[in-house]
Amino acid sequence: MDITFHFPPDLMGLLVEAIPALCKSKRDVLLFFQGAGVGAQVTGDLAQKLATSKDEVRKHDMVRTVLTRLNARGESTLRERREVLRRVIEFEDFSVCWENDRNKAKALVADIRRLVNVKDTFTRIQQEQEALRKKQHSDKYEQEAKLKRQREQELEEIKSALFSLFSMADPWARGTALEGVLNRLFKAHGILVREAFRIRGEKGQGIIEQIDGVVELDGEVYLVEAKWWDQRVGPGDVSQHLVRVFSRGQSRGIYIAYPGYTPAAVVSCKEALQQAVFVLCELEEFVQLLEAKKDLKEFLKAKVRAAIVDKVPLLRPLTHGS
């Protein structure tokens, strides 16, 4: 803030001493303030008292009274306060002062100049710091907005890629493409992903196990299996993935299927919850999630809670509003 908005005590004290030293007479004090644009509403009573009772008026008291009134009027007399201060700082002809006051006046004006320079420097530093904070806030906001736009664009591309799978005729190519789309979806929502991998046996045994992917959610590891078949997944189909999960101690399982599951498969997974957390997802839910622009983490957490607390492996949170 400009220090002339209100004269602080240290500056006020110096001005009360300096202005009387710069003005030979009491009348000169009034002329000084009149030249600074201070109106009669501030100095009128002092002028009248000076005309009728000159000996009862002191220069220092006059200056203190005027400056106090200017301060008290706040923003409405900001211009006058600035002009008073300017006239003191720019004062050069000390020959007009009383001889005994010249050195004192010079010293006081020099002190006021130094004080104003220090305060102005501090003010500039504050202004520069504030400008830097605003810029940093603006840069942060712009960066966040940029990342948000990039994420929204990425999710739109993922949605288009997922929708395009419904027109693919080759089951093997479609299944491979589905793994890639799901991996992109998990990554876009900040879920750690390890993509599909194969486990090979001893020499000559070839591939003995294949896992579509691994994700980490709230510090827990989930083995992921994704299937796109012409018919609903049955208990025999999910059992293979259950075995993979059971054989890995503390791991958990996520199964994603299109077009869905048979009632027997859901019952089988519900019984398996006694041994490990196992979550069933339908591909249609991911379509709904992308269209509604919902958060994948919260979607999966709702399913995990249902599996742990309610022993429900197939909760549809988007449908039930959970």
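The values are calculated or read from the model by the stated rules, or taken from the named source; none is laboratory data. What you see is a predicted model; the values in this text were computed from it and never measured. Using ideal geometry, Cβ is built from the backbone for each residue, glycine included, and neighbour counts are taken over all protein chains shown. Note: accessible area is taken over every heavy atom of the protein model, side chains too, but ligands, DNA and RNA are not part of it. Shrake-Rupley method; radii C 1.70, N 1.55, O 1.52, S 1.80 Å.
The set of residues from region 49-64 being outside any helix (DSSP H, G or I) and among the charged types (D, E, K, R) comprises just one member, 58.
Note on region 264-286: residues that are of a type in the set (Asp, Glu), out of contact with any Gly (no Cβ under 8 Å at 6 or more places or on another chain) and surrounded by 18 or more Cβ atoms within 10 Å (Cβ to Cβ) total 1.
One residue stands out among those in region 287-309 that are without any contact (Cβ under 8 Å) to a residue 40 or more places away in the chain and either touching a Gly at 6+ places or on another chain (Cβ under 9 Å) or small (Gly, Ala, Ser) (or both): the one that is most open to solvent (accessible area, probe 1.4 Å), which is 292. I need the full set of residues from region 69-101 which are farther than 19 Å from residue 116 by Cβ and either in contact (Cβ under 8 Å) with a residue 24 or more places away in the chain or not in a helix (DSSP H, G or I) (or both), in order please. Of everything in region 69-101, those that are farther than 19 Å from residue 116 by Cβ and either in contact (Cβ under 8 Å) with a residue 24 or more places away in the chain or not in a helix (DSSP H, G or I) (or both) turn out to be 69, 73, 74, 75, 93, 96, 97, 98, 101.
For residue 166, indicate whether it is modelled with pLDDT of 90 or more and either of a type in the set (Val, Ile, Thr) or farther than 19 Å from residue 295 by Cα (or both).
Working: modelled with pLDDT of 90 or more: yes; either of a type in the set (Val, Ile, Thr) or farther than 19 Å from residue 295 by Cα (or both): yes.
Yes; evaluated as a whole, the condition is true for this residue.
I'm checking my understanding of the structure. Among residues of region 267-285 that are of a type in the set (A, V, I, L, M, F, W, C) and not in a strand (DSSP E or B), which one is nearest to residue 186 (Cα to Cα)? Working first, answer last.
Kept after step one, since they are of a type in the set (A, V, I, L, M, F, W, C), are these residues of region 267-285: 267, 269, 272-273, 276-281, 283.
When the remaining residues are screened for being not in a strand (DSSP E or B), the result is 267, 269, 272-273, 276-277, 283.
On the way: 267: 27, 269: 23, 272: 25, 273: 24, 276: 22, 277: 19, 283: 14 Å.
Among those residues, the one meeting the criterion is 283.
Residue pairs whose Cβ atoms lie under 8 Å apart, sitting 6 or more positions apart in sequence or on different chains, and linking a residue in region 217-228 that is in contact (Cβ under 8 Å) with a residue 12 or more places away in the chain and more than 13 Å from residue 300 (Cβ to Cβ) to a partner that is open to solvent by 60 Å² or more (accessible area, probe 1.4 Å) and part of a strand (DSSP E or B), are 227/258; 228/258. Screening 179, 130, 152 for residues that are at pLDDT below 90, out of contact with any strand residue (DSSP E or B) (no Cβ under 7 Å at 6 or more places or on another chain) and of a type outside the set (A, V, I, L, M, F, W, C) leaves exactly one candidate, 130.
Results for (1) in contact with an Asp or Glu (Cβ under 8 Å, 6 or more places away or on another chain); (2) open to solvent by 100 Å² or more (accessible area, probe 1.4 Å), shown as yes or no for each residue.
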| position | (1), (2) |
| --- | --- |
| 40 | no, no |
| 44 | no, no |
| 60 | yes, no |
| 71 | no, no |
| 75 | no, yes |
| 87 | no, no |
| 91 | no, no |
| 102 | no, no |
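Quick one: would you say residue 145 is in a helix (DSSP H, G or I) and under 18 Å from residue 256 (Cα atoms)?
Working: in a helix (DSSP H, G or I): yes; under 18 Å from residue 256 (Cα atoms): no.
No, not satisfied.
Taking the conditions exactly as written (of a type outside the set (Phe, Trp, Tyr), open to solvent by less than 70 Å² (accessible area, probe 1.4 Å) and over 53 Å from the mean Cα position of the chain (by Cα)), does residue 36 satisfy them or not? It is false that residue 36 is of a type outside the set (Phe, Trp, Tyr), open to solvent by less than 70 Å² (accessible area, probe 1.4 Å) and over 53 Å from the mean Cα position of the chain (by Cα).
Can you tell me which of 255, 222 is touching a His at 6+ places or on another chain (Cβ under 6 Å) and either aromatic (Phe, Trp, Tyr) or at positive phi (or both)? Exactly one of 255, 222 is touching a His at 6+ places or on another chain (Cβ under 6 Å) and either aromatic (Phe, Trp, Tyr) or at positive phi (or both), namely 255. Per the conditions (1) open to solvent by 60 Å² or more (accessible area, probe 1.4 Å); (2) closer than 24 Å to residue 296 by Cα, the sole criterion not satisfied by residue 238 is (1).
Can you tell me how many residues in region 243-263 are part of a helix (DSSP H, G or I) and under 23 Å from residue 296 (Cβ atoms)?
Just the residues of region 243-263 that are part of a helix (DSSP H, G or I), to begin with: 243-246, 263.
Still in the list and also under 23 Å from residue 296 (Cβ atoms): 244-245.
Residues in region 243-263 being part of a helix (DSSP H, G or I) and under 23 Å from residue 296 (Cβ atoms): 2 in total.
As for region 314-322, it holds at least one residue that is modelled with pLDDT of 95 or more and either of a type in the set (Phe, Trp, Tyr) or crowded, with 17+ Cβ neighbours inside 10 Å (or both).
Suppose we filter region 255-270 for residues that are of a type in the set (A, V, I, L, M) and modelled with pLDDT under 95; how many remain?
If we filter region 255-270 for residues that are of a type in the set (A, V, I, L, M), which is where we start, we get 256-257, 264-267.
Going one step further and asking which of them are modelled with pLDDT under 95, we end up with 256-257.
Number satisfying all stated conditions: 2.
Rundown of residues vs (1) within 24 Å of residue 172 (Cβ to Cβ); (2) in a helix (DSSP H, G or I); (3) out of contact with any helix residue (DSSP H, G or I) (no Cβ under 7 Å at 6 or more places or on another chain); (4) among the basic types (Lys, Arg), yes/no style:
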| position | (1), (2), (3), (4) |
| --- | --- |
| 222 | no, no, yes, no |
| 240 | yes, yes, yes, no |
| 265 | yes, yes, no, no |
| 287 | yes, yes, no, no |
| 298 | no, yes, yes, no |
